[in-house]
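Take a look at the structure set out below.
The values are calculated or read from the model by the stated rules, or taken from the named source; none is laboratory data. Please read all numbers here as calculations on a predicted model, not as lab measurements. Neighbour counts run over all protein chains shown; Cβ positions are idealised from the backbone, glycine included.
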Amino acid sequence: MSTITELSTLDVLEAEAVHIIRECAAECERPVLLFSGGKDSIVLAHLATKAFAPAGLPFPLMHVDTGHNFPEVIEYRDWFVGEIDERLIVASVEESIAQGRVQDETGPRASRNRLQTTTLLDAIAEHQFDACFGGARRDEERARAKERVFSHRDMFGQWDPRNQRPEPWSIYNTKLRKGEHFRVFPLSNWTEVDVWLYIQREGLSLPSIYFAHEREVFMRDGMLMAAADFVERLPNEEVFTETVRFRTVGDATCTAGMKSTAATVEEVLVETRASDISERGASRADDKTSEAAMEDRKRGGYF
Amino acid sequence: MPVESPMLHAVAVGSVDDGKSTLIGRLLYETGHLNADEIAHVEEASRKRGRKGLDLALLTDGLRAEREQGITIDVAYRSFDAQGRRILLGDAPGHEQYTRNMVTAAAGADVAILLVDAKNGLTDQTRRHLAICGMLGVSDVVACVNKIDLVEYDQARFAELADELVAASMAIDGPRITPIPLSALEGVNITERSEATAWYDGPTVLDVLHDLDRKVAEEEFRMPVQWVIRHDEGGADVRGLAGRITSGTVEVGDEVVALPSGRTSRISRIDVLGDERPSASAPLSVTLHLEDDVDVSRGDVIAPVGNAPAVASRITATIAWLDEAPLTAPARLEARQGNRLVPVIIEELHERLDLAAMEQVPTDALEVNDLGIATMLSAQPLAVEVYGDNREMGSMVLVDPGSNRTVGAVMVREVIRD
């Protein structure tokens, strides 16, 4: 047994995240934790298991699967869920396409990033979820910096940024009408470096694509995109081999890697601290479509 | 043992165009928390709007409507490090019509950064924000006399405004003021002192944020129970009381009482997220075990025997009204306090703070953005304390049960014993 003599930023962030997770579990009827196999959702799921230990999670995990995955991430996802011995729901964009709910994009710039929103909202309705935990952080993006911890969504899954519920102190108004839901963000006040430091402190394992490895890539808009069967390349986009790692993990059609030799958490931390480019700026093609790309997608029900 | 808080909640307030967003941009930039792609984004967005140079406000004004109108509508939160201490900074809207969002940002803040235009001086909105900070218990204000470059770095003008700010706060028994001459645009006295204000030998904004004395866990121990974790331990049904310690320190062996029931027991085990410890302090999330199997559930408050909060149904409180529809008494609402949601009746409205005259005036209604004093009755007794004594036990949020909207922020002034 040890006595606390000093409190670190991570201790405070961890305590805050657990408070939010417990609060949502207690107040909402049917929460679900959105789990992509990305580092933020891994940290989130880890925090959730700590919040209720030694009992199990009072809610399932859900992966919105675009079908355009990095195989290492899916492998990790299934391993992780087995490891914590919890239930995983997979909501499939492929199925939404097969059912005619959405139309797959075609051509070299095709992405299923936008299509995920329909699949997610359908799954929320099907399972009657009234709260979705997400690993989003305020330091990621301008629109996210404006979002509440308990972020209200109407029956259409829409976020109304001009009319958010005031959220003073750490008191959350968790009242909903039928059909509405919350997106709940326990990592709101964490930074990218905090996430890595916490992964280090807790000894969490991550999908291998977060660390330097050789991969077939091609250059698009100044970013290194993974060469995959489902990505159509333009004539001038030649494939070559590069040592890369991924800073974020999303749909493989819009997530870029970066040149790196960082093979451990410690080395990634060194690079992250020295980096002059933000996480999303470095790796997300989907934010670059317009100035308010994230706000517009969030208004429509995106993560 | 109280320890220095590793994290500080700060809020930037002040009138429109006094330069809040520019200061935040500067702070992030000078502390190395602004990335090249973010700067490139601001450059492009500034150009698109025909601004000369970098409009750093575009960094935090992230919403479409904010950029279109050039104003801040809602709070943006950014994190940065002040020489090893984490600062979570809220950029609050300056417009009067968005005061409710300013209240959201300032509630729970340890320190406010208040900007005043060196040329224009104090405005009604400056005094209003100062008063709101005072009511919300923000005990320290870094008063930045901004745009000091536009008055030729005039020491006399700075001294004049510094005196006015201190006097304005004294008049309302408000926060402690640390005045700093500043140019957010030129980066003067934000993270480094400047030759331009050689006559100034006080701290920079970053110095104040780094040095501010803010201990955690100084007050009496309190923990509202969030969740009861039940599990089987060698055939025994074990119940752990999960929650976040909102103030103070608890030790194994401490005699505690659960409120409002009043049942007592001793702490037998403290589990800090998988780590068993002899003691734990605010703001940690923990699971407490009691020696006796007493009936404790979500919403109950665990406190030391002999130093527990009062249990009462009637209070007087300051209400910051946040809803477009005015509040008139009597009103039936719901209050969320600690982890409880209880029906309440606002029985009587007494006074309203007239922010123009800065005085309390009698009233029978609170309009949106008003601050007033009211008497409130709750359907069940609550473990409450005066806000000034314990923020967590003395704050509530009012919810309209019809619309589910968050309509008010409550700070307890007086607990009326049953």
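Remark: B:THR287 falls outside the filter, which requires a residue to be within 30 Å of B:ASP370 (Cβ to Cβ), of a type in the set (Val, Ile, Thr), buried (at least 17 other Cβ atoms within 10 Å of the Cβ) and not assigned by TED's automatic domain parsing to the domain that holds B:THR375. Taking the stretch A:113-172 as the range and being among the small types (Gly, Ala, Ser) and within 21 Å of the chain's Cα centre (by Cα) as the test, the residues that pass are A:ALA123, A:ALA125, A:ALA131, A:GLY134, A:GLY135, A:ALA136, A:ALA143, A:ALA145, A:SER151, A:GLY157. Entry remark, the stretch A:170-182: residues being modelled with pLDDT of 90 or more and either outside the structural domain of A:ALA45 (by TED's automatic domain parsing) or touching a helix residue (DSSP H, G or I) at 6+ places or on another chain (Cβ under 9 Å) (or both) number 6 in total. The residue that is nearest to the other protein chains (Cβ to nearest Cβ), among those in the stretch B:290-308 that are crowded, with 18+ Cβ neighbours inside 10 Å and part of a loop (DSSP other than H, G, I, E, B), is B:ARG298. When restricted to residues that are crowded, with 16+ Cβ neighbours inside 10 Å and either at the interface with chain A (Cβ under 9 Å from one of its Cβ atoms) or among the aliphatic types (A, V, I, L, M) (or both), the stretch B:38-50 contains 5. Counting only helices (runs of 4 or more DSSP H) that fall entirely inside the stretch A:1-86 and contain at least 1 residues that are of a type in the set (S, T, N, Q), the qualifying elements are A:9-27, A:39-52. When A:ALA91 is tested against (1) touching a helix residue (DSSP H, G or I) at 6+ places or on another chain (Cβ under 6 Å); (2) closer than 20 Å to A:ALA228 by Cβ; (3) crowded, with 16+ Cβ neighbours inside 10 Å, only condition (2) is not met.
Please go through the stretch B:259-289 and give me each residue that is part of a strand (DSSP E or B), under 27 Å from B:PRO381 (Cα atoms) and either facing chain A (nearest Cβ under 8 Å) or more than 27 Å from the chain's Cα centre (by Cα) (or both), ordered by number. If the condition is that a residue be part of a strand (DSSP E or B), under 27 Å from B:PRO381 (Cα atoms) and either facing chain A (nearest Cβ under 8 Å) or more than 27 Å from the chain's Cα centre (by Cα) (or both), then B:ARG263, B:THR264, B:SER265, B:ARG266, B:ILE267, B:SER281, B:SER285, B:LEU288, B:HIS289 are the ones that fit. Touching a residue at least 60 places away in the same chain (Cβ under 8 Å) and not aromatic (Phe, Trp, Tyr), is that true of B:SER46? So B:SER46 does not fit the description; no.
Scanning the stretch B:10-21 for residues being at pLDDT 85 or above and either over 19 Å from B:ARG100 (Cβ atoms) or in a loop (DSSP other than H, G, I, E, B) (or both) gives a total of 1. Going by the conditions given, is A:PHE156 surrounded by fewer than 22 Cβ atoms within 10 Å (Cβ to Cβ) and either in contact (Cβ under 8 Å) with a residue 60 or more places away in the chain or assigned by TED's automatic domain parsing to the domain that holds A:HIS19 (or both)? Yes: the conditions hold for A:PHE156. For B:ASP232, the conditions (1) within 14 Å of chain A (Cβ to nearest Cβ); (2) under 30 Å from B:LEU114 (Cβ atoms); (3) part of a strand (DSSP E or B) are fulfilled apart from (2).
I need a count of the residues in the stretch B:235-244 that are more than 8 Å from chain A (Cβ to nearest Cβ) and of a type in the set (Lys, Arg). Residues in the stretch B:235-244 being more than 8 Å from chain A (Cβ to nearest Cβ) and of a type in the set (Lys, Arg): 1 in total.
Away from every other protein chain (no Cβ under 14 Å), of a type in the set (Asp, Glu) and closer than 30 Å to B:GLU38 by Cβ - does that describe any residue in the stretch A:102-116? Scanning the stretch A:102-116 turns up at least one residue that is away from every other protein chain (no Cβ under 14 Å), of a type in the set (Asp, Glu) and closer than 30 Å to B:GLU38 by Cβ.
Can we say B:ASP110 is within 11 Å of the chain's Cα centre (by Cα) and among the charged types (D, E, K, R)? The answer is yes for B:ASP110.
Taking the stretch A:215-253 as the range and being exposed (fewer than 12 other Cβ atoms within 10 Å of the Cβ) and touching a Pro at 6+ places or on another chain (Cβ under 8 Å) as the test, only A:LEU234 passes. Of the listed requirements (1) without any contact (Cβ under 8 Å) to a residue 60 or more places away in the chain; (2) assigned to a strand (DSSP E or B), B:THR316 misses just one: (1). Summed over the stretch B:22-37, the residues that are part of a helix (DSSP H, G or I), within 10 Å of another protein chain (Cβ to nearest Cβ) and within 29 Å of B:HIS129 (Cα to Cα) give a count of 0.
Residues checked against (1) within 27 Å of the chain's Cα centre (by Cα); (2) among the hydroxyl-bearing types (Ser, Thr, Tyr):
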| residue | (1), (2) |
| --- | --- |
| B:LEU130 | yes, no |
| B:ASP140 | yes, no |
| B:GLU160 | no, no |
| B:SER183 | yes, yes |
| B:ARG193 | no, no |
| B:ALA198 | no, no |
| B:THR204 | yes, yes |
| B:LEU209 | yes, no |
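Summed over the stretch A:140-184, residues that are away from chain B (no Cβ under 11 Å), closer than 17 Å to A:ILE21 by Cβ and charged (D, E, K, R) total 1.
Here B:GLU192 passes the criteria (1) surrounded by fewer than 18 Cβ atoms within 10 Å (Cβ to Cβ); (2) at pLDDT 95 or above; (3) not assigned by TED's automatic domain parsing to the domain that holds B:ARG277 except the one numbered (2).
Matching residues to (1) surrounded by 23 or more Cβ atoms within 10 Å (Cβ to Cβ); (2) at pLDDT 95 or above:
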residue	(1), (2)
B:LEU377	no, yes
B:GLN380	no, no
B:GLY388	no, no
B:ARG391	no, no
B:SER395	yes, yes
B:LEU398	yes, yes
B:VAL407	yes, yes
B:VAL410	yes, yes
B:ARG413	no, yes
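Residue count for the stretch B:125-141, restricted to those that are under 17 Å from B:ASP173 (Cα atoms) and surrounded by fewer than 24 Cβ atoms within 10 Å (Cβ to Cβ): 8. The single residue among A:ARG233, A:ARG245 that is in a loop (DSSP other than H, G, I, E, B) and of a type in the set (Lys, Arg) turns out to be A:ARG233.
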